[in-house]
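Visitor: Submitted below is the structure of interest, expressed as structure tokens.
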């Protein structure tokens, strides 16, 4: 199975979601069953994760220094599940890639919570910590749902 996370620049939310999800899967011994990637709908290819995303992920025991942003493209559609941070990200993908219908969901939508994940870009580490906590809660529910299926 392949899961893809999508935000705007792929330097904050989706990169943190990818890293957190990968760690959670590893801790559960499921990392070989699920491939994880992230993209941005307006990413500058090769840009590193934001400084505060790196700091907050370090607090989680995750090294995000090697992350490089990737623009959402056709190859991402090979995923079984595409999870976006906002409705506008979901709409963007569905408008440009109609064949993605049925596998693109707002991150929380996939687990019955339609709240968007706010963009912490340019804000302090406290906001990044809050976003990371919100992501972890939703990612735990996603893992539970995937285990049931």
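Visitor: Which of the numbered conditions does residue 122 fail, given that it passes all the others? Conditions: (1) assigned to a loop (DSSP other than H, G, I, E, B); (2) in contact with a helix residue (DSSP H, G or I) (Cβ under 8 Å, 6 or more places away or on another chain).
Guide: Of (1) assigned to a loop (DSSP other than H, G, I, E, B); (2) in contact with a helix residue (DSSP H, G or I) (Cβ under 8 Å, 6 or more places away or on another chain), only one is false for residue 122: (2).
Visitor: Here are 81, 28, 64: which of them is in contact with a strand residue (DSSP E or B) (Cβ under 9 Å, 6 or more places away or on another chain) and over 21 Å from residue 120 (Cα atoms)?
Guide: Working: 28 fails: in contact with a strand residue (DSSP E or B) (Cβ under 9 Å, 6 or more places away or on another chain); 64 fails: over 21 Å from residue 120 (Cα atoms).
On inspection, the qualifying residue turns out to be 81.
Visitor: A further question follows. For the stretch 40-66, give me the residue count where each residue is buried (at least 17 other Cβ atoms within 10 Å of the Cβ) and over 26 Å from residue 113 (Cβ atoms).
Guide: The number of residues fulfilling the criteria is 1.
Residue-by-condition table, conditions (1) in a strand (DSSP E or B); (2) crowded, with 16+ Cβ neighbours inside 10 Å; (3) in contact with a helix residue (DSSP H, G or I) (Cβ under 9 Å, 6 or more places away or on another chain); (4) in contact (Cβ under 8 Å) with a residue 24 or more places away in the chain:
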residue: 82; (1), (2), (3), (4): yes, yes, yes, yes
residue: 88; (1), (2), (3), (4): no, no, no, no
residue: 91; (1), (2), (3), (4): no, no, no, no
residue: 95; (1), (2), (3), (4): no, no, no, no
residue: 102; (1), (2), (3), (4): no, no, no, no
residue: 116; (1), (2), (3), (4): no, yes, yes, yes
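Visitor: So residue 32 passes all but one of these: (1) surrounded by fewer than 21 Cβ atoms within 10 Å (Cβ to Cβ); (2) touching a helix residue (DSSP H, G or I) at 6+ places or on another chain (Cβ under 9 Å); (3) under 21 Å from residue 137 (Cβ atoms). Which condition number does it fail?
Guide: Of the numbered conditions (1) surrounded by fewer than 21 Cβ atoms within 10 Å (Cβ to Cβ); (2) touching a helix residue (DSSP H, G or I) at 6+ places or on another chain (Cβ under 9 Å); (3) under 21 Å from residue 137 (Cβ atoms), the odd one out for residue 32 is (3).
Read the figures in this text as sums done on the coordinates, not as results from a lab. Note that the coordinates shown come from a computational prediction; the quantities given were computed from them, not determined experimentally. All Cβ positions, glycine included, derive from the backbone under ideal geometry; neighbour counts span all protein chains shown.
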